[in-house]
Amino acid sequence: MKWTANKDRKARFLEWYKDNGLDQEDDLDIKLDKRKRNIYKLLMEYSDDFPQENGKISYEHFINRMCFWMATGSGKSLVIIKLIQILIQLIERGEIPPYDILILTHRDDLIEQLKNHVREFNGANENQIILKELKEYPEVKREPSLFGTTVFYYRSDNLSDEQKEKIIDFKNYDNEGRWYVFLDEAHKGDREDSKRQHIYSIMSRNGFLFNSSATFVDPRDIVTCAYEFNLSSFVNAGYGKHISILKQEIRAFRDEEDYSREEKQKIVLKSLILLTYVKKFYEDIKNIRADLYHKPLLLTLVNSVNTEDADLKLFFRELKKIGQGAVDEEVFRKAIDDLVTELKEEPHFMFEEDRTIKIDEAELKNIKKDDILNYVYNSSANGEIEVLVRQSDRKELAFKLKTSDRPFALIKIGDISGWLKEELAGYEVQERFEDESYFENLNKEESEINILMGSRSFYEGWDSNRPNVINFINIGMGEDAKKFILQSVGRGVRIQPIKNKRKRLLQLYNAGEIDKDLFDLLKDKALPMETLFIFGTNRDALVTVIQELKKEKSKESVTELSLSKNPDIEGYPLFVPTYRLTLYPILRAETELQFEDKRERP
């Protein structure tokens, strides 16, 4: 079968975009800079496909793409599998070229997740998907599978224009750009000057590029967004926790500002008090039914880990003092009063202008220091901190009070050696020989960890319903920081009141997925469990980053339609179409129509 020349298809596709509101074409063109020699040289090698004019390449030559802007936990991987199934069916029916399919993602755990999803898909479908690593491409093409369709995969960060042990040269697998390429959170470094992003476009230059992510900031991705279910939509639809960014800032941890020890302790106390407040409601819910909701968790994300006065060290030192009982009563009461003063005003949740925070003021005011010991430190008495280290892992440190036999906090960083030699010198350290990782077991019911601390390096590859409080300490406003904030907030909003029911309680009740008796027992206790409280060093920066999602939505055009009744049909029956699905319900507009004689209804 002959296909229309790819350049003609791209030109027509761009015209379709223009007819549907694209008005920023010049801003989307790829500007060439000879000073960035590696990128300039790479694009010039493919000048027939990406011709330059006036020092730039028209976006027309990159238009063969579509993006899926979906919140963390909203099912990106499942959508990718379904899209691949649709592509396979379209290829079999001769409606699109029979090009190879490649999935690129940037972590090993995401590759394992992909394999698990494919196994589930194959268990329910006759047409099997056979996953093969991209390195196997030559062998597979020599001996293609007789059963099923081969889909290739690889680590996106190991794709380059040079060949090393793990790094592979994409030119060895270029196949004249005849690929359907799927990116799963593989757009790291998605600025115009990212070589890897251009490699993806080169490999799919005669095929198509599908980009899925929770965090798009590049306008080239945003204008080609085919489906939007980002954090804002995800939360509004009831699939995530409410988001509250508190006005009180963690400014006491900024190097250039002089704050007293009491101020540092007060901000740490506020996060522990809120965690205690939520955990009290969790305990009440557990008394109703043991398998509901999640164990609340405090997540502290910092900018620096190993410097002399790193953010993580300053935060940990305050945790230590509070655990020892070195807390001034006046500072403690002021921390509670500050929280009560703000929250009793019922501020609006992010993205939800019709919903506000409602607290149990008496419950919050009545929290005592002993409650923090009990609910956060897993102890009935103050004590010194001791360190728990697994010999088989040098990336995590667990902590417990000597007055308790249960750990309460965990640090997850790249290498714990520096902390053991410097920050934890003189602490009692228990070497443990079991292979069980505290971090990997965080989502299990038996996990006693209430505080998780770390930097940007650990948040990826971790999915959890547990966070109810997040501290962002000295996280900046650069592009990488914005993505980090959105990704980590996206991970924090996950909710699952009942196993395998990933919606808030009210949405479950309205959908008839829980009975009224259970709803009535839980409805006054659910809100704290279904809220994510966020503290940041710069509140305005956090609000700006998160609200950018709303701005993108507000750019969508709105068309107003008016309808009027046709007087010529007066007295005639109105035929109302009903639909019966054919074999290919989504692939083609070939749904069959049947008409029933139905009288017009008011």
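The values are calculated or read from the model by the stated rules, or taken from the named source; none is laboratory data. None of these values were measured; they are calculated from a predicted model. Cβ: placed from backbone, ideal geometry, glycine included. Neighbour counts: every protein chain shown. SASA here: full protein model, heavy atoms, side chains in, ligands and nucleic acids out. Shrake-Rupley method; radii C 1.70, N 1.55, O 1.52, S 1.80 Å.
A few remarks follow.
- Of the numbered criteria (1) part of a loop (DSSP other than H, G, I, E, B); (2) buried (at least 22 other Cβ atoms within 10 Å of the Cβ); (3) among the hydrophobic types (A, V, I, L, M, F, W, C), the one Ala381 fails is (2).
- Cross-chain or 6+ apart pairs with Cβ under 6 Å, segment 222-236 first and part of a helix (DSSP H, G or I), then not hydrophobic (A, V, I, L, M, F, W, C): Leu231/Gly490; Ser232/Lys550; Phe234/Ser74; Phe234/Gly240
- Any hit, segment 113-120, residues being assigned to a loop (DSSP other than H, G, I, E, B) and without any contact (Cβ under 8 Å) to a residue 60 or more places away in the chain: no
- Test: residue in segment 327-335 that is at pLDDT below 95 and not in a helix (DSSP H, G or I): yes
- Taken together, the residues in segment 419-453 that are at positive phi and not in a loop (DSSP other than H, G, I, E, B) amount to 0.
- Test: Tyr153 is within 27 Å of Asp49 (Cα to Cα) and surrounded by fewer than 21 Cβ atoms within 10 Å (Cβ to Cβ): no
- Residue count for segment 387-435 under the criterion of being of a type in the set (Asp, Glu) and over 24 Å from Arg456 (Cα atoms): the result is 5.
- Whichever residue in segment 36-55 is part of a helix (DSSP H, G or I) and among the basic types (Lys, Arg) and, among such residues, is most open to solvent (accessible area, probe 1.4 Å): Arg37
- Residue within segment 197-215 that is at negative phi and open to solvent by 60 Å² or more (accessible area, probe 1.4 Å) present: no
- Which numbered condition Pro144 fails, given (1) more than 28 Å from the chain's Cα centre (by Cα); (2) surrounded by fewer than 17 Cβ atoms within 10 Å (Cβ to Cβ); (3) closer than 19 Å to Leu42 by Cβ: (3)
- Tabulated pairs, segment 68-83, first under 10 Å from His117 (Cβ atoms), second part of a strand (DSSP E or B), C-beta under 8 angstrom, 6+ apart or interchain: Ser77/Asp184; Ile80/Ile103; Ile80/Phe182; Ile80/Asp184; Ile80/Phe210; Ile80/Ser212; Ile81/Ile129
- The requirement of being free of Cβ contacts under 8 Å to residues at least 24 places away in the same chain and touching a helix residue (DSSP H, G or I) at 6+ places or on another chain (Cβ under 7 Å) is fulfilled nowhere in segment 181-188; no residue meets it.
- Test: residue in segment 57-73 that is loosely packed, with under 15 Cβ neighbours inside 10 Å and in a helix (DSSP H, G or I): no
- Subset of segment 37-58 (residues that are in contact (Cβ under 8 Å) with a residue 24 or more places away in the chain and of a type in the set (A, V, I, L, M, F, W, C)): Ile39, Leu42, Leu43, Phe50, Ile57
- Filter result for Ala226 (open to solvent by 60 Å² or more (accessible area, probe 1.4 Å), among the aliphatic types (A, V, I, L, M) and under 25 Å from Gly490 (Cα atoms)): yes
- Segment 11-35, subset open to solvent by 30 Å² or more (accessible area, probe 1.4 Å) and closer than 13 Å to His61 by Cβ, residue farthest from the chain's Cα centre (by Cα): Ala11
Quick grid of which residues meet (1) surrounded by fewer than 19 Cβ atoms within 10 Å (Cβ to Cβ); (2) under 32 Å from the mean Cα position of the chain (by Cα); (3) among the β-branched types (Val, Ile, Thr):
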{"position": "Ala335", "(1), (2), (3)": "no, yes, no"}
{"position": "Leu339", "(1), (2), (3)": "no, yes, no"}
{"position": "Thr356", "(1), (2), (3)": "yes, yes, yes"}
{"position": "Lys400", "(1), (2), (3)": "no, yes, no"}
{"position": "Arg406", "(1), (2), (3)": "yes, yes, no"}
{"position": "Ala409", "(1), (2), (3)": "no, yes, no"}
